[in-house]
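S.K.: Would you mind keeping the following structure in view while I ask a few things?
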Amino acid sequence: MATLTLALLASLTGAPAQAATGGALALEVLSSRADQVSGGDALVRVRHPRGVRPVVERNGEDVTAAFTATGDGLTGLVTGLRAGPNTITAEAGPLRATLTVRDFPIEGPIFSGPHQYPFLCKTERGGLGPPVADNQDGQGMRTAGGWSRDCFAPAVTDRLYRSTDGTFKPMPAGRPADLATTTLLDGRTVDFVVRRERGVINRFLYSIALLEDGWNGRAIYRFDGGVGIGHDQGTLGGGALDPYGLGKGYAVLYSSGTRTSVHYNLVLGGETALMVKERFIETHGRPLYTVGVGASGGAIQQYIYGQNFGNRVIDAAIPQYSYPDMVTQTIHVGDCELLERYMDHDPRWAHWDERTALIGMNAGDTVANPYTGRPGSDECVNGWRGLAPLTMNPKWTPNEDPEWALMDPPGVKDTVNWTHWDDLRNVYGVDERGHARSTWGNTGVQYGLKALVDGVITPAEFLDLNAKAGSWKEAADMVQEGCPFVRAACPADPDPWSARNMNLGDPAPRRTGDPVAIRNVERSGLVFRGAIDIPVIDWRHYLEDRLDMHNSHQSFAARRRMLDHDGRAGNQVIWFTDARPDGPKHDQTPEALAVIDQWMANLRAHPGRGVAGNRPPLAVDRCFATDGTQLAAGPHVWDGVLDRRPPGACTRHFPLYGTSRTVAGGPLEGGVYACRLQPVARALARGLYGSWRPTPEERARLERIFPTGVCAY
């Protein structure tokens with residue numbers, strides 16, 4: 001047991017795992033944590049005194065031949081590990097070191113919990129051929145030899161070249177006439193020929209690509225966004241062949257399991273990322289560093305994996321269009337359609353510009369509305385419409401992939417509860433009716449409170465809003481959606497708000513988030529708490545005027561959580577690039593990669609200074625014009641966002657918005673699943689309603705709307 005403890009310490013800190021007589025021999029796993037090895041192999045290093053050649057054994061069998069001398073000892077890929085615990089020993093005369101290695105199957109799981117079924121295979125679409133038959137019980141995808149439940153296919157390698165027309169093509173035997181060249185970080189120019197490996201790890205497709213002649217020793221892990229509900233192997237996106245990263249000599253790691261358009265279970269996603277990184281190290285060795293790049297859900301993954309795994313997946317992060325996490329976004333996004341339904345049925349809110357007063361997010365009278373075909377919309381509509389049924393209604397899914405026709409038993413797709421909660425049932429837990437528990441609730445939430453205090457709405461409007469906003473039904477009580485989500489329901493059955501699945505009335509009942517679900521998710525690592533200590537360049541285009549879902553204040557929500565965690569956020573810098581008036585024109589990612597490279601070089605040279613102490617000159621808060629030229633930079637450009645200083649240069653140039661919960665008095669950083677409640681009388685005594693002094697009738701109505709009290713954020 002002592003040797004296992006030492007091995008775990010080594011995998012977490014990078015120090016050698018040492019269990020040797022006199023401490024002269026030491027063993028460590030380079031490719032993963034020693035207790036989280038997968039696929040039957042591990043890259044192992046043996047440190048030893050000079051002049052000594054240790055014998056290395058795996059479970060008593062000599063594997064010394066697999067090791068070669070390196071600058072710091074012996075390194076070798078130990079294969080043939082059995083599932084469960086294995087013992088690696090190194091011995092030289094009286095010196096002995098022992099390391100316990102625990103191996104898991106390549107299909108997982110390691111720590112993510114039971115596999116999800118049914119699971120739609122896409123190996124053929126991914127270029128790997130049909131999945132391997134792994135059972136004969138008539139369940140899974142039909143194959144020539146039976147059925148496949150876990151969608152495995154053997155790995156394949158191929159060679160691609162970048163054409164002068166800007167596309168990747170299969171590399172022929174001879175030199176193609178349209179072969180492009182590329183200039184590496186060190187200035188060398190080489191042929192743009194890529195060697196790529198694809199396969200299946202943790203049931204998801206993966207890709208590892210790098211220049212055939214020109215790897216710079218660095219790696220990019222490309223994370224993708226979107227919103228998916230699981231039960232799907234997914235496909236490889238375009239980021240798997242990132243032309244800029246590959247062209248500069250970076251290796252590019254990618255997995256369909258780290259695309260949130262496939263699923264949003266970031267416990268499973270983190271496990272997958274660790275296993276893909278493990279595969280890369282086993283094949284190519286440890287990179288100089290790995291930097292994460294990705295937008296939206298790809299940005300969330302960087303914050304979450306950086307928090308949960310330190311530098312085991314990524315050593316630095318470039319989250320783009322970020323949110324601090326996904327799971328706490330459900331809190332305010334769940335309010336959107338409740339408020340939209342209310343406003344759409346009240347002429348008071350016919351002017352879209354005014355809706356920001358309730359939803360907190362931006363709105364505009366002139367922005368095209370994709371649902372009405374007329375000018376006038378807001379971020380809840382343009383950015384978030386459709387997310388309520390996608391994440392909350394077990395009876396509706398947009399997943400119409402043709403591969404479902406190959407799945408047995410017939411109709412298995414209809415057995416799935418298509419909700420975000422059920423996709424993460426291993427995290428949230430299951431209620432007594434068989435549905436996954438839900439964290440969403442709005443008990444005590446006073447919609448429009450800030451608008452009331454600021455005099456934007458009247459007390460009568462405030463009371464009416466909160467009496468009629470309503471809440472969401474339990475998953476077991478929901479029914480199929482109407483138009484526009486179910487095509488067959490159009491145009492006769494319009495319901496863009498999913499009102500049929502709301503609890504309505506006057507006063508309409510509120511919902512309390514399931515306390516078990518809240519406790520479970522807060523312990524799961526899926527809530528970003530700010531515990532991250534790697535270099536972070538949080539970059540986004542400013543898209544507020546486009547009513548884009550990637551609302552800009554989220555970068556500062558992440559910083560606020562970092563400050564709340566330990567009072568420090570010196571490892572995170574925030575960059576905005578303007579996209580006005582006609583959309584994004586300049587990509588700051590290449591500059592961010594260059595700054596990260598300098599930052600990582602400083603860390604290697606001066607590790608004692610820590611992450612914040614090694615920031616290069618350009619690793620500061622900055623903002624840029626639409627063409628990418630710098631507008632302002634320095635420690636005070638974002639003043640006024642998280643403090644009470646006068647607004648800084650970037651703050652003035654890029655107005656920020658909030659959410660329905662910040663309008664209700666909640667904190668900018670979000671994350672409050674269930675607020676602490678206070679009696680209405682106490683809220684009145686505290687002056688929570690500004691200058692409003694309710695009449696006895698108004699107070700009585702307020703207490704009927706909130707019988708258990710109102711939020712005391």
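S.K.: Look at region 413-434 and say how many of its residues are touching a Phe, Trp or Tyr at 6+ places or on another chain (Cβ under 8 Å), within 15 Å of residue 518 (Cα to Cα) and not hydroxyl-bearing (Ser, Thr, Tyr).
M.R.: 3
S.K.: Assigned to a helix (DSSP H, G or I), of a type in the set (Phe, Trp, Tyr) and within 21 Å of the chain's Cα centre (by Cα): does that describe residue 528?
M.R.: Spelling it out, it is not the case that residue 528 is assigned to a helix (DSSP H, G or I), of a type in the set (Phe, Trp, Tyr) and within 21 Å of the chain's Cα centre (by Cα).
S.K.: Let me ask something else. From 604, 652, 644, grab the single residue that is assigned to a loop (DSSP other than H, G, I, E, B) and among the basic types (Lys, Arg).
M.R.: 644 is the lone residue from the list that is assigned to a loop (DSSP other than H, G, I, E, B) and among the basic types (Lys, Arg).
S.K.: Please determine whether any residue of region 235-245 is under 11 Å from the mean Cα position of the chain (by Cα), of a type outside the set (Asp, Glu) and open to solvent by less than 10 Å² (accessible area, probe 1.4 Å).
M.R.: no
S.K.: On to the next question. Quick check on my filter: what residues within region 601-621 are surrounded by fewer than 17 Cβ atoms within 10 Å (Cβ to Cβ) and among the small types (Gly, Ala, Ser)?
M.R.: 601, 605, 608, 610, 612, 613
S.K.: I would also like to ask the following. Restricting attention to region 169-205, report how many residues are open to solvent by less than 60 Å² (accessible area, probe 1.4 Å) and either small (Gly, Ala, Ser) or in contact with a Pro (Cβ under 6 Å, 6 or more places away or on another chain) (or both).
M.R.: 4
Rundown of residues vs (1) touching a residue at least 12 places away in the same chain (Cβ under 8 Å); (2) open to solvent by less than 10 Å² (accessible area, probe 1.4 Å), yes/no style:
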residue	(1), (2)
532	yes, no
545	yes, no
555	yes, yes
567	no, no
573	yes, yes
577	yes, yes
599	yes, yes
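S.K.: Confirm whether residue 510 is closer than 24 Å to residue 315 by Cα, open to solvent by 10 Å² or more (accessible area, probe 1.4 Å), of a type outside the set (A, V, I, L, M) and in contact (Cβ under 8 Å) with a residue 40 or more places away in the chain.
M.R.: It is false that residue 510 is closer than 24 Å to residue 315 by Cα, open to solvent by 10 Å² or more (accessible area, probe 1.4 Å), of a type outside the set (A, V, I, L, M) and in contact (Cβ under 8 Å) with a residue 40 or more places away in the chain.
S.K.: If I filter region 684-704 down to residues being in a loop (DSSP other than H, G, I, E, B) and hydrophobic (A, V, I, L, M, F, W, C), which single residue comes out as most open to solvent (accessible area, probe 1.4 Å)?
M.R.: If we take residues in region 684-704 being in a loop (DSSP other than H, G, I, E, B) and hydrophobic (A, V, I, L, M, F, W, C), then 688 is most open to solvent (accessible area, probe 1.4 Å).
S.K.: Where the second residue is open to solvent by 20 Å² or more (accessible area, probe 1.4 Å) and charged (D, E, K, R) and the first is under 17 Å from residue 329 (Cα atoms) and lies in region 408-429, which pairs have Cβ atoms under 8 Å and are six or more apart or on separate chains?
M.R.: 421/437; 428/437; 428/514
One line per residue, one yes/no per condition, for (1) of a type in the set (A, V, I, L, M); (2) open to solvent by less than 50 Å² (accessible area, probe 1.4 Å); (3) without any contact (Cβ under 8 Å) to a residue 60 or more places away in the chain:
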| site | (1), (2), (3) |
| --- | --- |
| 63 | yes, yes, yes |
| 67 | no, yes, yes |
| 74 | yes, yes, yes |
| 78 | yes, yes, yes |
| 86 | no, yes, yes |
| 90 | yes, yes, no |
| 95 | yes, yes, no |
| 98 | no, yes, no |
| 103 | no, yes, no |
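S.K.: Does region 283-309 hold any residues that are open to solvent by 20 Å² or more (accessible area, probe 1.4 Å) and either in contact with a helix residue (DSSP H, G or I) (Cβ under 7 Å, 6 or more places away or on another chain) or in a helix (DSSP H, G or I) (or both), and which are they?
M.R.: Scanning region 283-309 gives 283, 284, 307, 308, 309.
S.K.: Related question: Which members of region 464-498 meet the condition of being open to solvent by 30 Å² or more (accessible area, probe 1.4 Å), in a helix (DSSP H, G or I) and not charged (D, E, K, R)?
M.R.: Selection gives 476, 488.
S.K.: Among the residues of region 447-458, are any over 23 Å from residue 709 (Cα atoms) and part of a helix (DSSP H, G or I)?
M.R.: Checked region 447-458: no residue is over 23 Å from residue 709 (Cα atoms) and part of a helix (DSSP H, G or I).
The values are calculated or read from the model by the stated rules, or taken from the named source; none is laboratory data. Quantities reported herein were computed from a predicted structural model and do not represent experimental measurements. All Cβ positions, even for glycine, are placed from backbone atoms using ideal geometry, and neighbour counts span all protein chains on display. In case anyone asks, the SASA skips ligands and DNA or RNA and just uses the protein heavy atoms, side chains included. Shrake-Rupley method; radii C 1.70, N 1.55, O 1.52, S 1.80 Å.
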